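Only one structure is covered here, and it is reproduced in the block below.
Just so you know, all these numbers are worked out from the coordinates, no wet-lab data involved. Remember, predicted model here, so these are calculated numbers, not experimental data. Using ideal geometry, Cβ is built from the backbone for each residue, glycine included, and neighbour counts are taken over all protein chains shown.
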Amino acid sequence: MKQLVSDAQFQIFDLHVLRGWPARDVARALGVNIAQIYLAKLRVGRRLKQEVQALKRNDEVGGKVAH
């Protein structure tokens, strides 16, 4: 997943979403504005959701072939 988004966006997502830091604290720590926090959360979250859906599709196809 980390290779699919910019390092900065992944770092923001990691701190805010995965580690639960408040957006204000992430913005201060990384020197970005609050809007960038929410934009990174949206973009990385959307990409993560796409990857999970792709994995589910692959698993379903694999499951059907194995039977």
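Structure data summary
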read-out	value
Inter-probe distance in nm under a simple model that places probes 7 Å from Cα toward Cβ, at ARG46 and VAL61	2.4 nm
Sparse-neighbourhood loop sites, trypsin sites (Lys or Arg not before Pro) in the range 2-37 - DSSP loop, at most 15 other Cβ within 10 angstrom	ARG19
Karplus 3J(HN,Hα) series, Hz, for the range 46-59 with 6.51 cos²θ - 1.76 cosθ + 1.60 (x for Gly, Pro)	5, 5, 4, 4, 4, 5, 5, 4, 5, 5, 5, 4, 5, 5
Option label - Cα extents along the principal axes in Å computed here, alternatives (i) 45, 25, 15; (ii) 53, 19, 15; (iii) 37, 23, 15	(ii)
In order through the range 34-45: 3J(HN,Hα) via Karplus (6.51 cos²θ - 1.76 cosθ + 1.60), integer Hz, x for Gly, Pro	4, 4, 5, 5, 5, 5, 5, 4, 5, 5, 5, x
Residue of GLN36, GLN11, GLN53 that the Gaussian network model of the chain assigns the largest fluctuation, springs spanning Cα pairs under 10 Å	GLN53
